[in-house]
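What follows draws every value from the coordinates through simple rules; no lab data is involved. On a predicted model such as this, the values are computed, not experimentally measured, just so you know. Glycine also receives a Cβ, built like all others from the backbone with ideal geometry; neighbour counts cover every protein chain displayed.
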Amino acid sequence: MSTPEPGPGAREALLDAAEVLFARQGFGPTTIKEIGSAADLNPALLYYYFGNKEELYRAVLVRIVGELVRRGQARVDAAVSPEDAIRGVVETQMAFLIAHPTAPKLFVREMLDHEARRGEQVILQLAAGLFRRLCETIEEGQRSGVFRADVEPRFAAVSIISQMVYFNLARPAVGLFYGLGPDGITDDITRDFGKHAGEFALRALRAEAGSGNER
């Protein structure tokens, strides 16, 4: 059977459908037929664009991580101070996760199902990009005396990033905690939490926040 001719937007439609299905069901249970059906396309187009399901999965991860890294690095590069950079990273990450609600679930599935093996190169891209820049920003703040010198920059960077990921993953549970029901946490509440998370991180990092030694 010949491969059908691709149409405008077909590749992105396959990526969109695959992102949702991989996040909901995991890599193994998701079939090529399901992806094609969800994208309203002939499943054979998957082979035209990606070769196989595994390459499609990697392309999904690359698209998500690439966009997050580009947005985050742009905010860090445009920041006028380390504190401004921290706020910018948090704001950008939260906005990204609100716009891509399946992304946190996809990341968690990659950790649980594959222990990062399928997404290793993508995770390294993140580490070499946004994570490194965030660590460098914290170190810059430490050298200038704005941030505490006793904080391990990598620990702090993980703490900053994980707040947003966890909140978005736990939105149904947080809604129950708030007495709003599992669907009660709105995007506005989530944005407000992002602002809180940024200030929370800065209070922990600022030189006057306390002393001690984590190194």
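Summary of values
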quantity	calculated
Helix-only [θ]222 nm of the chain, DSSP H runs n ≥ 4, -39500 (n - 2.57) each, per residue, nearest 500	-22000 deg cm²/dmol
Added length on full extension, which subtracts the Cα-Cα distance from 0.36 nm per residue, SER162 to TYR47	37.9 nm
Charge-dipole axis of the chain as Lys and Arg at +1 and Asp and Glu at -1 on Cβ define it, positive-most pick from VAL20, HIS100, LEU124	LEU124
10 Å-binned pair-distance histogram of the chain (Cα, whole percent)	8, 29, 30, 22, 8, 3, 0
At least 18 Å along the helix axis (C-alpha) and Kyte average at least -0.5, DSSP helices within the chain	10-25, 53-78, 82-99, 153-169, 187-205
Prolate/oblate/rounded label for the stretch 53-136 (Cα gyration tensor, a/c 1.5)	prolate
Contact order normalised by residue count of the chain, Cα under 8 Å, 6+ apart, percent	20 percent
Extension gain from ARG191 to ARG154, taking 0.36 nm per residue of separation minus the Cα-Cα distance	10.9 nm
Cα extents of the stretch 44-89 along the three principal axes, largest first (Å)	50, 12, 9
Derived scalar couplings ³J(HN,Hα) [the stretch 170-185; Karplus, 6.51 cos²θ - 1.76 cosθ + 1.60; whole Hz; x for Gly, Pro]	9, 3, x, 5, 4, x, 5, 4, 7, x, 9, x, x, 10, x, 7
Amide H within-cut-off set for ARG206, under 5 Å, with H built and near neighbours excluded	ARG148
Dipole in debye (nearest 20) - the stretch 61-208, about Cα centre, beta carbon charges: Lys, Arg +1; Asp, Glu -1	240 debye
Net charge contributed by nearby residues that have their C-beta within less than 13 Å of GLY145 (K/R +1, D/E -1)	-2
Whichever lysines have a C-alpha closer than 23 Å to that of LYS33, once near sequence neighbours (fewer than 8 apart) are set aside	LYS53, LYS105
